[in-house]
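Engineer: Can you read through this structure? Questions will come right after.
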Amino acid sequence: MNKFLSALFLLLTLSSGMTAQGQQTQETAVQTLEYKAENPGWLVNLEEAFAISKSTGKPIMANFTGSDWCIWCKRLTADVFSKPEFQSWAKENVVLLEVDFPRMKKLPDNIMAQNASLKNAFEIPGFPTVWVFNLNKDEKLNQFSVELLGRTGYTKNVAEFTDGVTQMIKK
């Protein structure tokens, strides 16, 4: 993909676990509350990430991962995401969203459906894949338009990773 993807808008409808009015059912809301990301500070719900992104003006950084089986995903977490300097940088620059595809644990149905929709919409070729993007939402249609800022994968250290993502955000 090229650097002009910021002009490309994809439509993504995430209605799984929602009522006709767009509200989560009580059961899926409880499941989502109980389910947490593998890494502290990361969100698992796109709607929550969208709300924070809109209120702060920060783009979303989505980590598409196989947290409990993907060796390169585990290395990215160990080499970058778990480091204090990354966590400091992230608080200032992005909203963190974990889009997980584990094999050993079960995700809530609404998160599993959300993650599958995101994987399809972003055409994820493998794990780890990290996308940085902005979202807008058409409330009437319950659809997101996605402004893509850039994509990366495994990077061996925090400085290399954050420098690359910072360049994506600045374009």
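Only the coordinates and a few stated rules stand behind these numbers; no lab work does. Treat the numbers as computed from the prediction; the structure is a model and nothing was measured. Heads up, the Cβs are rebuilt from the backbone with ideal geometry, glycines too, and the neighbour counts pull from every protein chain shown.
Engineer: What is the dipole size for region 33-79, taken about its Cα centre, with +1 at each Lys and Arg Cβ and -1 at each Asp and Glu Cβ, in debye to the nearest 20?
Structural biologist: Numbers: 5 positive and 6 negative charges, 39 e Å.
Taking the Cα centre of region 33-79 as origin, the dipole is about 180 debye.
Engineer: Between region 62-79 and region 89-144, what is the C-alpha centre distance in whole Å?
Structural biologist: Each part's Cα centre sits 14 Å from the other's.
Engineer: Okay, moving on. If neighbour count is taken as other Cβ atoms inside 10 Å, put 61, 168, 112 in order from fewest to most. Present the calculation step by step, with values, prior to reporting the outcome.
Structural biologist: On the way: 61 25, 168 22, 112 18.
In increasing order of surrounding Cβ atoms, one gets 112, 168, 61.
Engineer: For residue 119, give me every one of the aspartates and glutamates with a C-alpha distance below 13 angstrom, ignoring sequence neighbours fewer than eight places off in its own chain.
Structural biologist: Straight-line reach from residue 119, under 13 Å: 98, 100.
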